[in-house]
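Data block below; observations after.
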Amino acid sequence: MPRMVNCVKLGRELPGVIYRPFDNELGKRIYDNVSQDAWRLWIEQSKMMVNEYRIDLTSPQGQRMLLDKAEEFFFGGGGEEKPPEFVAPDAKATTDAPATAAPPPATKD
């Protein structure tokens with residue numbers, strides 16, 4: 001049976017994260033208080049942030065920024081904001097399409 005936690009992000013008892021994600025105090029807090037479902041939400045949020053803000057995860061500054069955003073996401077009541085230029089993947093498909101459709105080709109009767 002999975003380890004259950006009272007998830008601070010989703011507000012209900014759910015199976016907890018299956019591993020300690022960071023080797024620090026934040027990682028312990030996440031392991032003790034965050035569900036696997038909320039962790040999946042963070043993974044998607046963090047991918048968007050790394051791509052949109054072009055965070056360099058090889059630099060100490062980039063790593064610190066991502067850890068700060070993770071703490072805000074889980075324990076600060078926020079962290080789900082999108083960058084001003086962000087366009088959701090579904091919206092990109094419609095914004096790349098022409099504004100009006102071409103008329104159908106004429107046929108001779």
Per the filter on segment 1-59, residues part of a helix (DSSP H, G or I), in contact with a helix residue (DSSP H, G or I) (Cβ under 9 Å, 6 or more places away or on another chain) and hydrophobic (A, V, I, L, M, F, W, C) are Leu26, Ile30, Ala38, Trp39, Leu41, Trp42, Met49, Val50
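Results for (1) basic (Lys, Arg); (2) modelled with pLDDT of 95 or more; (3) in contact with a strand residue (DSSP E or B) (Cβ under 7 Å, 6 or more places away or on another chain); (4) surrounded by 14 or more Cβ atoms within 10 Å (Cβ to Cβ), shown as yes or no for each residue.
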residue	(1), (2), (3), (4)
Arg20	yes, yes, no, yes
Asn24	no, yes, no, no
Gly27	no, yes, no, yes
Ile30	no, yes, no, yes
Ser35	no, yes, yes, yes
Ala38	no, yes, no, yes
Leu41	no, yes, no, yes
Asn51	no, no, no, no
Per the filter on segment 35-66, residues more than 15 Å from Pro21 (Cα to Cα), in contact (Cβ under 8 Å) with a residue 24 or more places away in the chain and among the hydroxyl-bearing types (Ser, Thr, Tyr) are Tyr53
Whether any residue in segment 81-97 is outside any loop (DSSP other than H, G, I, E, B), basic (Lys, Arg) and at pLDDT 95 or above is what I want to check. no
Those residues of segment 23-49 that are of a type in the set (Lys, Arg), under 18 Å from the mean Cα position of the chain (by Cα) and within 17 Å of Gly11 (Cβ to Cβ) come to a total of 1
Going through (1) modelled with pLDDT of 95 or more; (2) not in a helix (DSSP H, G or I) one by one, Pro104 fails only at (1)
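The values are calculated or read from the model by the stated rules, or taken from the named source; none is laboratory data. Note that the structure is predicted; figures quoted are calculated from it, not measured. FYI the Cβ positions are ideal-geometry reconstructions off the backbone, even for glycines, and counts take in every protein chain you see.
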